[in-house]
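Here's the structure, in structure tokens; my notes come after.
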Amino acid sequence: MKKILVPVDFSEYSEYALEVAATLARKQDAEIVVLHMLGLSEAVFTKDDSQEFLEAQFYMKLSKKRFNEFLDKSYLKGIKVTETVQNYKIFSEINEVAKEQNIDLIVMGSHGTGGLNQIFVGSNTEKVVRTSEIPVLVIKEQIPDLDIKKVVFGFDFQIESVKAYHKAINFLNALKVEVHIVHVNRPGLNFISTKEIEEEIDKFLRVAHHNNLPTNIETHTISDYYVETGIYNFAKKIDADLIAVATHGRSGLTHFFKGSIGEDIANHAQMPVITFKI
């Protein structure tokens, strides 16, 4: 990992993301690119003599000034940090920045408090996850010194998802962590027997690893009414530090985080989540 992108709005949640990015950058000997999106109308920048144009200039200067305060953090000392202010309005443009800058990871703060559905769906974070080809790490609370040792990876073991699987596993292996891959078996029309699940997983792993499964990877099959609750309950059970999920581009996290989720699960959903696009 060489470059980490942190989109910020100067809120406390952006600070949470920045601090985690700093921890990862220090451990990986990486640099940080901090991006602020203005979201102003293009017309504002084309009326040279208008009051609107002067206001646009003011907001550009104000953003750069706020960077000086925002980036004045002791945990950033010794880390190369590049700041950029862009007039982006569409969050898919963050993916373009990431590709242009050769970014390896995007770290974003999320302020949702109304359950997993409200945390992600319809939020700016969800929009970035939906469009990003780069892994996105979602941070919900302050974590002064993130130490990732154990990761739960929610996965469906479908052959068409092998590319996303390799992307996730290669990234996680670079962090030198335990990876617990979890398949959630749900009741209803999609229910399959334990034997069928085991055969499906075995087939996938033979293709993905050529019969040479790394020693840091374990697979698990659990039963739950919902994929998201199954993953979170298992992560809580083994005291995981991070949850990883593979997402479909158009549906983003809603592929995994949808429907009504109990308050007890929402209360334990504070751990970081990283997404890998299928």
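Read-outs throughout are calculated quantities, based only on the coordinates presented, and are distinct from any laboratory measurement. Just so we're clear, the structure is a prediction, and the values are computed from it rather than from any experiment. Glycine gets a Cβ as well: all are built from the backbone with ideal geometry, and neighbour counts include every protein chain shown.
A simple spin-label model places pseudo-atoms 7 Å from Cα toward Cβ; at residue 186 and residue 28 they are separated by 3.1 nm.
Model label points for residue 237 and residue 162, set 7 angstrom from Cα along the Cα-to-Cβ axis, are 2.9 nm apart. Pairs spanning more than 27 Å between alpha-carbon atoms, out of 99/237; 3/236; 80/236; 176/237; 77/237; 73/167: 99/237; 3/236; 80/236; 77/237; 73/167. Peptides 141-149, 14-22, 227-235 ranked from most to least packed, by the mean per-residue count of other Cβ atoms within 10 Å: 14-22, 227-235, 141-149.
Taking label positions 7 Å along the Cα-Cβ direction at both residue 127 and residue 72, the computed distance is 3.1 nm, reported to one decimal.
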